[in-house]
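Taking it in order: structure first as structure tokens, then the write-up.
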Amino acid sequence: MTADDSTPGTARVLPGYRPDDAFMAVELDPPPAEYVWHDEHAEQQEQRYGPGAGYRQWLAVDAGDGAVWFGDTDWRAPAEDLAGRLPGPPRQVLGDGAVPAPGIVVQLLDHLTHDEVRGCSWRFFTAEELHELALRILPGVQRLVNSIHRVGPDGELEWSAEAATAWDDIAQAATHTFDPSGRLVSPGLRTTPTPAWRVEVGAFLAMNPDLCDPSWAVATDAELDAYADYRPDTGYGGVPGRMCRAGDRRIEDGFTFYGHRAALYSYRAQACGDRTPTDARVWLEMTQAGRGTWEAAKPLGATLADVSDCVLAALAEGFQNAAHEEGLVLTGLDAYLRRLRAEERSAVDLQLVREADEVERLENMLKDFRAARNRTVTRILAWSDGRSDAEIARLASMPDDHVSGWRARLTDEETIAAPGS
């Protein structure tokens, strides 16, 4: 990702959604008035609203580049399918963390009003009115795209405290009311200061440096992401929650934290200085400099499985120094080397299991051959054909005295058996 790719865009209404374009991209299809009604006396919930009452119009904002457009939903489709008919998730269903790719956030517009004289009534907006609303919120959209966090090499979006506040202002500007005559009353866009209860995680780290984990400086993206994704059953989650749990601290209630991943990536970037964080596995396995460093550092006459923790630490230091000369900092290096050693040792364990199985198989086979040989020796001895014990022992590849002892036992057994025959 280049610097140009991560530069915030300019808030604008997309072509095709403007009067100059004759609203060529807009196909609003509101339900007929007779399909939109409310019967508060109906016994069944599904009978209280007409089939067109679920129709919704929306504004969509690309939180990454500032594009704004609008549209509506099919009033004939089931209400439970609303999410699948929108270009992105509504803000109210998103948390305060990542904004799912491609970064589109939707503001659903209200159409229902109620007063004592007219009861419930619906008013749907024209393309011109939606365009006016889109123009009115553009300064808030610009504030949003300027302040939202862009994290990692792909510039993934993450809510910031200011971006969340900017969206609240956008939502307020899109909350229309109607005067008694039914005329549309549009609120102006306000620019609300970020409230104190919305706290950036980066500011929390700066205020609590003793709770920061030095290992973040050489952690991989995946490790930082996992740390930021801490979700306890109770209390605060994310980076502040995990930090305070490790440090046996407690955060006062009432705060919402923003920019968990962004804060960790920033911490690592500051620790690395002018060097680029680079995954150790990628550098050692996929770059010429890394492969050369690995080959030169291999323990002579031993595999990684045979090295001690001290040797492993020395290898890590050597790799890190070599990477520094390339203007890099290797992330996840210790864990990578330990994982490689564990894999090699696991392979040795499997080798031992295979060898033990083979020994057991051969020992069982040898036991069977010995039993067969013993039966054959017994058979030949029973012949009493005049051959000496040494001759039979040579055939059986066994000591002479074993055959002699065997002959003596057979003779004794025959002697014992003779009187009763």
In region 239-337, the GluC sites (Glu not before Pro) that sit in a DSSP loop and have at most 16 other Cβ atoms within 10 Å of their own Cβ are E252, E326
Between R354, R261, R370, where does the largest GNM mean-square fluctuation fall for the chain, given springs only between Cα atoms within less than 10 Å?
R370
Please report the relative contact order for region 128-181, taking Cα pairs under 8 Å with a sequence separation of at least 6, and give it as a percent rounded to a whole number.
35
Over the chain, what is the relative contact order in whole percent, taking alpha-carbon pairs under 8 Å and six or more residues apart?
10
Fluctuation leader among A166, A53, A390 - the chain, Gaussian network, Cα springs under 10 angstrom
A390
Estimate the FRET efficiency between S308 and V359 by the formula 1/(1 + (r/R0)^6), using the beta-carbon distance for r and 41 Å for R0, to the nearest 0.05.
0.90
Quick one: Cα centre-to-centre distance for region 221-265 and region 271-303, in angstrom?
31
For the chain, built as a Gaussian network whose Cα springs stay under 10 Å, the top-fluctuating residue of A371, A226, A263:
A371
State the percentage of accessible surface on region 301-421 attributable to carbon and sulfur atoms; use a 1.4 Å probe and exclude ligands, DNA and RNA.
55
Given backbone amide H placed at 1.01 Å from N, residues whose amide H is under 5 Å from that of F70, ignoring those fewer than 5 places away on the same chain, are A60
On a 0 to 90 degree scale, rounded to 10, what angle separates helix 127-147 from the longest Cα axis of the chain?
50
Using only the alpha-carbon atoms of region 207-354 as identical scatterers, what base-10 log of I(q)/I(0) does the Debye formula give at q = 0.11, 0.15, 0.22 Å⁻¹?
-0.55, -0.86, -1.30
Can you tell me the orientation of helix 400-417 relative to the chain, as the angle in degrees between its alpha-carbon axis and the longest Cα principal axis, to the nearest 10?
80
Cβ-Cβ cut-off under 12 Å around H111, Lys and Arg +1, Asp and Glu -1: the net charge is -1
Running Debye on the chain with equal point scatterers at the Cα sites and no solvent, what base-10 log of I(q)/I(0) appears at q = 0.06, 0.08 Å⁻¹?
-0.51, -0.69
Distance (nanometres) between label positions extended 7 Å along Cα→Cβ at D81 and A342
4.7
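The values are calculated or read from the model by the stated rules, or taken from the named source; none is laboratory data. All values reported here derive from a predicted model rather than from experimental measurement. Please note: Cβ atoms are built from the backbone with ideal geometry, for glycine as well, and neighbour counts cover all protein chains shown. Remember, those area values only see protein heavy atoms, side chains included, never the ligands or the DNA or RNA. Shrake-Rupley method; radii C 1.70, N 1.55, O 1.52, S 1.80 Å.
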